[in-house]
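Visitor: One structure, as structure tokens, below. Some questions next.
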Amino acid sequence: MAVRTILRYGHPDLLRVSKIVDDPCDQKIKQLVEDMVDTMKAHDGAGLAAPQIGILKRVIVFGFERNERYPNAEPVPETVLVNPEYEPLDLTQEEDWEGCLSIPGMRGLVPRFAHIRYRGHDLEGNVISREVTGFHARVVQHEMDHLNGILYPFRIRDMKRFGFADSLPFEQ
Ligand code: NI
């Protein structure tokens, strides 16, 4: 278990598409997940994707009871997803403020699907399938974007709603 260095915006690995994991039960994936959880918690993250620590595999972790970086967010169950996928359950999108541990200190207003179903495997190979809304749905879409080399600034519609968290005049 270890806190790993988080790659920052500009690193080419953050722009690459991560690879499918052949065996979610592989001991190496378990070790990777332990490092990801340690790293996420050390930085008060709401979630983390494997490419953020330089491992280009389709693995994400997310969840918290309470999060200092998103004090208004409802709790999200602590979850590991290997080879995750999601689908919007309707086309409604909502905008809210997001940050990213790979883009420290900044926030942007990002549209996301409000209501999704997601699916993936846990470390025992069981299927996890959930229908979620709100911040939970937002976090999952953000982390899955990382697996496809997409960072949240790419989705911002109005770049006036992007900046350093401590300089933005808007409530985040
Ligand atoms: Ni991120």
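Visitor: Quick check: Cα centre of segment 136-172 to Cα centre of segment 1-49, how many Å?
Guide: 19
Visitor: Which order do Phe154, Phe170, Phe135 take by accessible area at a 1.4 Å probe, largest first? List each step's numbers first, then the result.
Guide: Details: Phe154 105, Phe170 70, Phe135 25 Å².
Order by accessible area, largest first: Phe154, Phe170, Phe135.
Visitor: Restricting to the chain, compute how many DSSP beta bridges are antiparallel as a %, nearest 5.
Guide: On the way: 29 of 30 bridges.
Here the share of antiparallel DSSP bridges comes out near 95 percent.
Visitor: Given a 1.4 Å probe, how much area per residue of the chain is accessible, in Å²? Please report the intermediate quantities before stating the final value.
Guide: Working: 8820 Å² over 172 residues.
Ligands and nucleic acids excluded, the result is 51 Å² per residue.
Visitor: Same structure, new question: For Lys57, Lys19, what's the largest-to-smallest order of accessible area, 1.4 Å probe? Please list the in-between numbers first.
Guide: Working: Lys57 85, Lys19 135 Å².
Largest accessible area first, the list is Lys19, Lys57.
Visitor: May I ask you to rank Arg107, Arg155 by accessible area, largest first, using a 1.4 Å probe over the protein chains only?
Guide: Working: Arg107 25, Arg155 90 Å².
Solvent-accessible surface, decreasing: Arg155, Arg107.
Visitor: Project the alpha carbons of segment 112-172 onto their principal axes and report the range along each, largest first, in whole Å.
Guide: Each principal axis gives a Cα extent; for segment 112-172 these are 44, 23, 20 Å.
Visitor: Here is a follow-up. Ignoring ligands, DNA and RNA, what percent of the 1.4 Å accessible area of segment 91-172 is carbon and sulfur? Mind dumping the intermediate values first?
Guide: Details: 1890 of 3920 Å².
Carbon-and-sulfur percentage of accessible area, whole number: 48.
Visitor: Only four residue types carry charge here, +1 at the Cβ of Lys and Arg and -1 at the Cβ of Asp and Glu. Report the dipole size of the chain about the Cα centre in Debye, rounded to the nearest 20.
Guide: Working: 21 positive and 27 negative charges, 106 e Å.
With only Lys, Arg, Asp and Glu charged at Cβ, the dipole is about 500 debye.
Visitor: Related question: Can you tell which of Gln141, Phe62, Val21 lies farthest toward the positive end of the dipole of segment 12-164, using +1 and -1 charges on the Cβ of basic and acidic side chains (Lys, Arg; Asp, Glu)?
Guide: Gln141
Visitor: In the Gaussian network model of the chain, springs joining C-alpha atoms below 10 Å, which of Met40, Met159, Met144 carries the largest mean-square fluctuation?
Guide: Met159
Visitor: Let me ask something else about it. What residues of segment 36-54 lie in the reach of a label at Tyr9, counting those whose backbone N is under 20 Å from a point 7 Å from the Cα along Cα→Cβ?
Guide: Counting only backbone N, you get 40, 43-54.
Visitor: When the Karplus curve 6.51 cos²θ - 1.76 cosθ + 1.60 is applied with θ = phi - 60°, which whole-Hz ³J(HN,Hα) does each residue of segment 71-81 get, with x for Gly and Pro?
Guide: x, 8, 6, 5, x, 10, x, 5, 9, 10, 10
Visitor: Please check: in the Gaussian network model of the chain (C-alpha springs, under 10 Å), which one of Pro24, Pro71, Pro111 has the largest mean-square fluctuation.
Guide: Highest fluctuation of the listed residues: Pro71.
Visitor: Another one. Just to be sure I understand: if I project the alpha-carbon convex hull of segment 1-90 onto a plane and average over all orientations, what area do I get in nm²? Let's see the in-between values first.
Guide: Numbers: hull surface 27.9 nm².
Mean projected area for segment 1-90: 7.0 nm², to one decimal.
Visitor: Taking the chain as a Gaussian network, where each spring joins two C-alpha atoms under 10 Å apart, which residue of Arg119, Arg130, Arg58 fluctuates the most?
Guide: Arg130
Visitor: Here's something else I'd like to know. Please give the helix 27-42 orientation as an angle from the longest Cα principal axis of the chain, in degrees from 0 to 90, rounded to the nearest 10.
Guide: Orientation of helix 27-42: about 30 degrees from the principal axis.
Visitor: May I pose another question? What share of all Cα pairs of segment 12-164, in percent, falls into each consecutive 10 Å distance bin?
Guide: 11, 43, 38, 8, 0
Visitor: Not counting the cut sites, what is the longest span of the chain without GluC sites (Glu not before Pro) that DSSP labels loop and that have at most 10 other Cβ atoms within 10 Å?
Guide: Details: sites that count: Glu65, Glu68, Glu124, Glu171.
Excluding the exposed sites themselves, the longest stretch runs over 1-64.
Visitor: Follow-up. Taking the chain, how many lysine pairs are there with alpha carbons less than 15 Å apart, if each pair must be eight or more places apart or span two chains? Mind showing how you got there, number by number?
Guide: Numbers: Lys19/Lys28; Lys19/Lys57; Lys28/Lys57; Lys30/Lys57.
Lysine pair count for the chain: 4.
The values are calculated or read from the model by the stated rules, or taken from the named source; none is laboratory data. Everything numeric in this text was worked out from a predicted model, so none of it was measured. Counting neighbours? That spans all protein chains shown, and the Cβs are built from the backbone with ideal geometry, glycine included. Areas reflect the complete protein model, heavy atoms only, side chains present, ligands, DNA and RNA absent. Shrake-Rupley method; radii C 1.70, N 1.55, O 1.52, S 1.80 Å.
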